[in-house]
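The values are calculated or read from the model by the stated rules, or taken from the named source; none is laboratory data. Everything quoted here is computed from the prediction, not taken from an experiment. Every residue, glycine as well, gets a Cβ built from its backbone with ideal geometry; the counts of neighbours run over all protein chains shown. What goes into the accessible areas is simple: the full protein's heavy atoms, side chains included, and nothing from ligands, DNA or RNA. Shrake-Rupley method; radii C 1.70, N 1.55, O 1.52, S 1.80 Å.
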Amino acid sequence: MKKFMMAALGGTAAGILLTTQVAGPLIAQENARNTTVYEQLDLFGDVFERIRTYYVEEVDEAELIEAAINGMLTSLDPHSSYLPPRDYDAMQTQTRGEFGGLGIEVTMEEGFVKVITPMDDTPAAEAGVEAGDFITHVDGQSLLGLTLEEAVDLMRGEIGSEIVITIVREGEEEPFDITIVRDRIRLTAVRHRLEGNTAILRIASFTEQTYPNLRDALEEMAEEVGGIENLEGVVLDLRNNPGGLLTQAIRVSDAFLEQGEIVSTRGRNPEDGERYNATPGDLIEGLPMVVLINGGSASASEIVAGALQDHHRAVIVGTNSFGKGSVQSVMPVQGDGAMRLTTSLYYTPSGRSIQALGVAPDILVEQRDIGEVEENGRPARTEASLRGALSNTTLTEDELRQLEEEQEQAQAMAELRAQDYQLAYAIDILHGLSALRPR
């Protein structure tokens, strides 16, 4: 019995010793860390009071604290920021598909404001702003040294008022000014049209209207051609799409997938990760797809492109996408504002991170200038073009009519190729895939 008592006491003593040796330093480390944090907060209070007391001009304390909060967030990454009440309201309005401004999506890169993309049919797009442009001045005022929120504030203003932005563009030797008239931005999430029997779906952004617009557009085009089976395929145009709601990116991806993972998010803690999976049902019943992307395709549009690419559901055509693979959570805070904080990263179904890499197209196709396409599009010399060539008298009336229709389609494609080379290339791919389908 004494042996058992001694063993128990020995075990207890060893436990106490182990706790002292392991837990003691950890507690001390945590205490030291907390002390450092409190010291830094005291430092902040000291600096704040000295600014209030000694700064050359009287300061607005609320603005000073707001700037400090925003500075703390923007020091983390380009997409974390503080949203004062007016900006928070504007963001909520934008996700519903209507807001006021120029119609550009911007980010901060090495201290400069960079255009991710101008949105379709907005003042910025009509004025000639392009993805990749750097905005250096607004109405003559330099943006260097400002936060992204401060720069955006300078670009906001009364609807109908003019703004002059100074642009630095790759390939241009000198900066140049563009005058834009501010307007209320009403986004049409999805535009659609038929090119022959090919359905073109242009998604401008991912708002609450995106999936309903997409579904209705497909139903309308299928009815126009006499049934979904009469479509050759679908071109999903995500070029210059700055992104938007994650929920809508998932629904759009799910619209063309029967099963499998669409996207996953991973944060600092493994238990905070999320996986989003497709549900049965393909709106176009397995028809071939081409997805168009470029350097202005960001965030939610990269999720869709990455999911369809990894599941071999679509051919991705164009140029490398923007590479915004981080997730921002919007958290309301005191005073009716909010903080936008990066909390996780996106991963495609194969486990690829989009962040800073983007989605690489399956077929790299650069957009071509109209002049370049026209120079390469000279009519070919054929037997039928020779003077005195024999005509073909073996064709029936139906065959002649079909030949005329094919020539009209070829002419229409030639005109489209001059206007939008990448889109014409995508349609050519669908023609090829359609030719291989069993009849």
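In this rough spin-label picture, where each label sits 7 Å from Cα along the Cβ direction, the E109-L416 distance is 3.1 nm.
The accessible area of R340, taken with all protein chains in place and a 1.4 Å probe, comes to roughly 60 Å². Which whole-number percentage describes the relative contact order of region 194-250, with Cα contacts under 8 Å and a sequence gap of 6 or more? Taking the mean separation of contacting Cα pairs over the length of region 194-250, I get 56 percent. Within the assembled protein chains, the solvent-accessible surface assigned to Y276 is about 70 Å², based on a 1.4 Å probe.
Using Cβ point charges alone (K and R +1, D and E -1), the dipole size of the chain about the Cα centre works out to roughly 2180 debye.
Taking a ≥ b ≥ c as the square roots of the eigenvalues of the Cα gyration tensor of region 238-294, is the shape rounded (a/c under 1.5), prolate (a/b larger than b/c) or oblate?
Details: a/c = 2.73, a/b = 1.38, b/c = 1.98.
Note, shape of region 238-294 comes out oblate.
Here the simple spin-label model places points 7 Å from the Cα toward Cβ, and for D153 and L364 these points are separated by 4.3 nm. When the Kirkwood radius is taken over all Cα pairs of the chain, what Stokes-Einstein diffusion coefficient follows at 37 °C and 0.692 mPa s, in µm²/s? It comes out at roughly 127 µm²/s.
Counting pairs of alpha carbon atoms under 8 Å apart in space and at least six apart in sequence, what relative contact order in percent does the chain give? Please report the intermediate quantities before stating the final value.
Numbers: 762 pairs, mean separation 52.1, N = 439.
Reported relative contact order: 12 percent.
Taking 0.36 nm per residue of separation and subtracting the Cα-Cα distance, full extension of the segment from T179 to N277 would add 30.7 nm. Taking 0.36 nm per intervening residue step and subtracting the Cα-Cα distance, what contour gain separates E258 from Q92 on full extension? Computed gain between E258 and Q92 is 56.6 nm.
Each residue of region 172-177 is assigned a 3J(HN,Hα), and the resulting list reads 9, 5, 10, x, 9, 9 Hz, derived from the Karplus form 6.51 cos²θ - 1.76 cosθ + 1.60 (θ = phi - 60°), x at Gly and Pro.
Note on region 69-156: dipole from Cβ charges, positive end direction compared against P84, I135, M155; the farthest Cα belongs to P84.
The simple spin-label model puts a point 7 Å past each Cα toward its Cβ; for D336 and E162 those points are separated by 3.4 nm. Length gained on full extension, S75 to Q407, computed as 0.36 nm times the residue gap minus the Cα-Cα distance: 113.6 nm. Taking the DSSP bridge list for the chain and keeping only pairs wholly inside it, about 75 percent are antiparallel.
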